[in-house]
1. Can you give me the accessible area per residue for the stretch 6-117, using a 1.4 Å probe, in Å²?
2. Within 13 Å, Cβ to Cβ, of Asn84, how many net charges do the neighbouring residues add up to if Lys/Arg are +1 and Asp/Glu are -1?
3. How much net charge surrounds Leu111 when only other residues with a Cβ under 14 Å from its Cβ are counted (Lys, Arg +1; Asp, Glu -1)?
4. May I ask you to give the percent of accessible area on the stretch 6-117 that is carbon plus sulfur, with a probe radius of 1.4 Å?
5. How large is ³J(HN,Hα), in whole Hz, for each residue of the stretch 11-18 in order, when computed from phi with the Karplus curve 6.51 cos²θ - 1.76 cosθ + 1.60 and θ = phi - 60°, using x for Gly and Pro?
6. Using only C-alpha atoms and all pairs of different ones, pull out the Kirkwood radius for the chain in Å with one decimal.
7. Restrict the search to the stretch 22-52; then list the trypsin sites (Lys or Arg not before Pro) that DSSP places in a loop and that have at most 14 other Cβ atoms within 10 Å of their Cβ.
8. Excluding Asp33 itself, calculate the net charge of residues whose Cβ lies under 13 Å from the Cβ of Asp33, where each Lys or Arg counts +1 and each Asp or Glu counts -1.
Amino acid sequence: MNAMQITAFLDSPESPYLSPAKVARTMSLRLQDLADSAHVHRNTLNARPQSPKVQALLQSMLRVLSAATEAFGNREVALSWMRNEPVPAFRHKTALDLVCEGRTEAVVSYLESVSAGFVG
């Protein structure tokens, strides 16, 4: 995702923080699910969206979305894959499950392998 695309996920044009609501909407997640994944109370998403736990999860989600979009060539396909496709290499968990478990690097490495034609 280039800088022009990431601005769509910021709280406001002046803000350096990602918006939990915008990322949740893009990923078709409920805010409660996003809060659970970040291990914070739901109110934290509105009261302190700059929380390091929240921002780390949002950054990881967008990083995997970027890698998946690169691998599949289409953002909608990438979103569907992230949420729904069980990945055999990861014991049939989805990419979103893996990101929520803190395994972003493994998912990005897997997607880079797919892009290079090594797995898939």
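1. Working: 6020 Å² over 112 residues.
Here the residues of the stretch 6-117 average 54 Å² of exposed surface.
2. Numbers: positive: Arg83, Lys93; negative: Glu76, Glu85, Asp97.
That sum, taken over residues with Cβ under 13 Å, equals -1.
3. Details: positive: Arg63, Arg75, Arg103; negative: Glu70, Glu85, Glu105, Glu112.
Surrounding charge for Leu111 is -1.
4. Details: 2930 of 6020 Å².
In the stretch 6-117, the share of accessible area belonging to carbon and sulfur is 49 percent.
5. Values, residue by residue: 4, 7, x, 8, 7, x, 9, 6 Hz.
6. Numbers: mean 1/r = 0.0687 Å⁻¹.
14.6 Å is the Kirkwood radius here.
7. Numbers: sites: Lys22, Arg25, Arg30, Arg42; in loops: Arg30.
Filter output for the stretch 22-52: Arg30.
8. Values: positive: Arg25, Arg30, Arg42, Arg83; negative: Asp36, Asp97.
The answer is +2.
The values are calculated or read from the model by the stated rules, or taken from the named source; none is laboratory data. Note that the structure is predicted; figures quoted are calculated from it, not measured. Quick reminder, even Gly has a Cβ in these numbers, built from the backbone with ideal geometry, and neighbours come from all protein chains shown. In case anyone asks, the SASA skips ligands and DNA or RNA and just uses the protein heavy atoms, side chains included. Shrake-Rupley method; radii C 1.70, N 1.55, O 1.52, S 1.80 Å.
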